[in-house]
Amino acid sequence: MTADFIEMTANTYTVEEMRQMETIVLSVIEFDINCTPSQTFLEHYSRRFNVTNPSVLIYASFLLDLALLKDEFLQFKTSDITVCALIIAMNRESSLTGRSFDAELHRLHRNRGFENFDDETYKKCLSCFSHCSDPNRLDSESKLVNSLVLKYAHTGVVHFSRSLVQSLRDE
């Protein structure tokens, strides 16, 4: 892989020089690289807060996948986005089925003492989701959004209009 970068620089640097530069960059950012995917946090939080309802987990996964496509989520940590997606999914399921997730929501709110996750962050993140969480108001011009629609259409949890799904399948 390093050889590809060297080739892109028209052999301006050697492999050793490239590795030294990589080391410098990693040292400057103090190896602070966000690599934990949101799905990993979702698995962790769902176990930690005993959220086992498949509909909640599928809808939260949909929201997390959607958040990956939206620039406005770049300001938040992946763990914060995941907590908000899980809360939205539990509230949605509660309104659809009447099943109460009060105990899980209470534990999630009470124990979300993750560093720097304050009420302001929570409100901002939830606001970003409110702008993009209606499955039938998504930007259907985007190929990435379209692939998400097709990925989740069969679940029966995320409800897309039949015409949208059919038009994407016909393409």
Whole-percent carbon and sulfur contribution to the accessible surface of region 17-105 (1.4 Å, no ligands, DNA or RNA) stands at 54
For region 11-64, the Cα gyration tensor yields equivalent-ellipsoid semi-axes (√(5λ), largest first, whole Å) of 41, 12, 7
Karplus-derived 3J(HN,Hα) from phi for region 72-88 (6.51 cos²θ - 1.76 cosθ + 1.60, θ = phi - 60°), whole Hz, x at Gly and Pro, runs 5, 7, 5, 6, 10, 6, 4, 5, 5, 4, 5, 4, 5, 4, 5, 5, 4
Low-density loop chymotrypsin sites (Phe, Trp or Tyr not before Pro), region 1-70, at most 16 other Cβ within 10 Å, DSSP non-H/G/I/E/B, are Tyr13, Phe31
For region 1-50, listing GluC sites (Glu not before Pro) in a DSSP loop whose Cβ sees at most 15 other Cβ atoms within 10 Å gives Glu30
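The values are calculated or read from the model by the stated rules, or taken from the named source; none is laboratory data. All of these numbers come straight from a predicted model, not from anything done at the bench. Virtual Cβ from ideal backbone geometry, glycine too; neighbours counted across all protein chains shown. Remember, those area values only see protein heavy atoms, side chains included, never the ligands or the DNA or RNA. Shrake-Rupley method; radii C 1.70, N 1.55, O 1.52, S 1.80 Å.
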